[in-house]
Amino acid sequence: MVDKERVSASFSKAALTYDKAADFQKETGRRLIEMVLSDAGSRETVLDSGMGTGSVTERLAGLLGNGSRVYGCDLAWGMVSFSKKVRPGICVCQADAEGLPYRDCVFDIVFSNIAYQWVSDFRLAFLELKRVLKPGGRFYFSILSRESLRELDTALKITVGGPGVKNFLPTTEDIRSELRRSGLRIEMCGEEIFKRYYKSSMDLIKIMKEAGSNTPLGPSPFGMGKRRKFLYLLSTYDRMFNESGRVFATYKVVMGCAKKI
C-alpha cells in the first residue's frame, strides 16, 4: 500500500531540485506529448494529473497553443506551490488523483506522466479521471511498472536480505485490467524499457532523492550498522551493474491511451 503522506512529503521536499534531476521523467513526458499531438480529436481542455513542477505541462500547453486550456494538479503541495510561482500561465491546484476537484465531463484529455504508480487505489483513480473526461475524451499515460530499478532491488537483497525495494509498483496487466474495469476502452498500451546511466550508485540514489522518487526505499532498511551496510550496498551495485565505468538502472514503463466511450 502506498503511503500518500510520505509520497506527498517526499515530492514537496524535492520541488526545488526536481527539474534538474528528472531527466528520465522529461523523456517519457516528451513521448506522451507526441502521442497527444498526433491525436485528431479535440484538445480544447486538458488536465495534467500528477504534474509535478509543471515543466512538462508547460511544454504541452505551449505546443497546443492558445486554443487550448491546460490545467494541472498534484498531490504534493510543494510541487503545486513551486509551479504557481514559476509557471503562472497554468491553472494548478493541489489534488489527489483519487478525488479530483473538477466537475463531471469537463476535459477532452487527461494526461499523466510517471505519476499514477503513486496512487493507492487504481480503480478509484481511473474512475475519477473517467468522470472528469468528456464522452470520447482520452487518457494518455505513462506509469512506472514492476521490474523497474531491478538492479537496486538485487543489490539491496544481497546487502540486507528480505524483499529489497518495496515492490508496490503495478504490473502491466494490473494497469490494463483496472482500465477495463473502470469502463475505459484501451486504444494503445505497451511496455518500454528505459536504461539510464549514472556516474555511480551514489549518484543514482542522489538523483532519486532530488526527484522525490526515493520513496520505494521506504524507511532505512539497514538497521544497526547502517552506514557500513549502506557502503556495502553502493559497492555491490557498482560492482554488479557497471558498463564502461558507469552504472546503470532500468525503468519499465507502461505507456498508452484509453478512451471514454
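The values are calculated or read from the model by the stated rules, or taken from the named source; none is laboratory data. The structure presented is a predicted model; accordingly, all values stated were derived computationally and were not measured. Every residue, glycine among them, receives a Cβ derived from its backbone with ideal geometry; neighbour counts consider all protein chains shown.
In region 246-261, is there at least one residue being at pLDDT below 95 and among the polar types (S, T, N, Q)?
No, there is no match, as no residue in region 246-261 is at pLDDT below 95 and among the polar types (S, T, N, Q).
From the list S142, S68, S112, S120, which one is of a type in the set (S, T, N, Q) and more than 24 Å from K252 (Cα to Cα)?
Answer to the selection: S68.
Identify, by number, the condition in (1) in contact with a strand residue (DSSP E or B) (Cβ under 6 Å, 6 or more places away or on another chain); (2) at pLDDT 95 or above; (3) at positive phi that G183 doesn't meet.
All conditions pass for G183, except number (1).
Based on what the data block shows, is M202 of a type in the set (A, V, I, L, M), touching a Cys at 6+ places or on another chain (Cβ under 7 Å), over 23 Å from G52 (Cβ atoms) and surrounded by fewer than 23 Cβ atoms within 10 Å (Cβ to Cβ)?
The answer is no for M202.
Any residue in region 78-86 that is in contact with a strand residue (DSSP E or B) (Cβ under 8 Å, 6 or more places away or on another chain), polar (S, T, N, Q), within 23 Å of F126 (Cβ to Cβ) and modelled with pLDDT of 95 or more?
No, because not a single residue in region 78-86 is in contact with a strand residue (DSSP E or B) (Cβ under 8 Å, 6 or more places away or on another chain), polar (S, T, N, Q), within 23 Å of F126 (Cβ to Cβ) and modelled with pLDDT of 95 or more.
Hey, G164 hits all of (1) under 30 Å from S235 (Cβ atoms); (2) at pLDDT 95 or above but one; which does it fall short on?
Checking G164 against (1) under 30 Å from S235 (Cβ atoms); (2) at pLDDT 95 or above, the one that fails is (2).
Filter region 33-48 for residues that are touching a helix residue (DSSP H, G or I) at 6+ places or on another chain (Cβ under 9 Å) and not in a loop (DSSP other than H, G, I, E, B) and give the result.
Those that are touching a helix residue (DSSP H, G or I) at 6+ places or on another chain (Cβ under 9 Å) and not in a loop (DSSP other than H, G, I, E, B): I33, V36, L37, V46, L47, D48.
Of everything in region 83-139 that's aromatic (F, W, Y) and under 18 Å from the mean Cα position of the chain (by Cα), which residue is nearest to L60 (Cα to Cα)?
Filtering region 83-139 for residues that are aromatic (F, W, Y) and under 18 Å from the mean Cα position of the chain (by Cα), the one nearest to L60 (Cα to Cα) comes out as F111.
Filter region 44-72 down to the residues that are closer than 15 Å to L133 by Cα and surrounded by 20 or more Cβ atoms within 10 Å (Cβ to Cβ) and list them by number.
The answer is V46, L47, D48, S49, V70, Y71, G72.
List every residue pair whose Cβ atoms lie under 8 Å apart, where the two residues are 6 or more positions apart in sequence or sit on different chains, the first residue falls within region 55-70 and is farther than 16 Å from G41 by Cβ and in contact (Cβ under 8 Å) with a residue 12 or more places away in the chain, and the second residue, located anywhere, is β-branched (V, I, T) and in a helix (DSSP H, G or I).
The qualifying pairs are V56/I33; R59/I33.
Evaluate the following for D96: is it among the acidic types (D, E), crowded, with 21+ Cβ neighbours inside 10 Å and in contact (Cβ under 8 Å) with a residue 60 or more places away in the chain?
So D96 does not fit the description; no.
Quickly run through region 17-32 and pick out the residues that are part of a loop (DSSP other than H, G, I, E, B) and in contact with a helix residue (DSSP H, G or I) (Cβ under 7 Å, 6 or more places away or on another chain).
Within region 17-32, T17 is the sole residue that qualifies.
Take region 14-26 and flag every residue that is crowded, with 16+ Cβ neighbours inside 10 Å and either under 22 Å from D96 (Cβ atoms) or in contact (Cβ under 8 Å) with a residue 60 or more places away in the chain (or both).
A14, A15, T17, Y18, A21, A22, F24, Q25 - these are the residues of region 14-26 that are crowded, with 16+ Cβ neighbours inside 10 Å and either under 22 Å from D96 (Cβ atoms) or in contact (Cβ under 8 Å) with a residue 60 or more places away in the chain (or both).
When you go through S55, S112, S83, S68 one by one, which is the residue that is of a type outside the set (A, V, I, L, M, F, W, C) and over 23 Å from D19 (Cα atoms)?
Working: S55 fails: over 23 Å from D19 (Cα atoms); S112 fails: over 23 Å from D19 (Cα atoms); S83 fails: over 23 Å from D19 (Cα atoms).
Answer to the check: S68.
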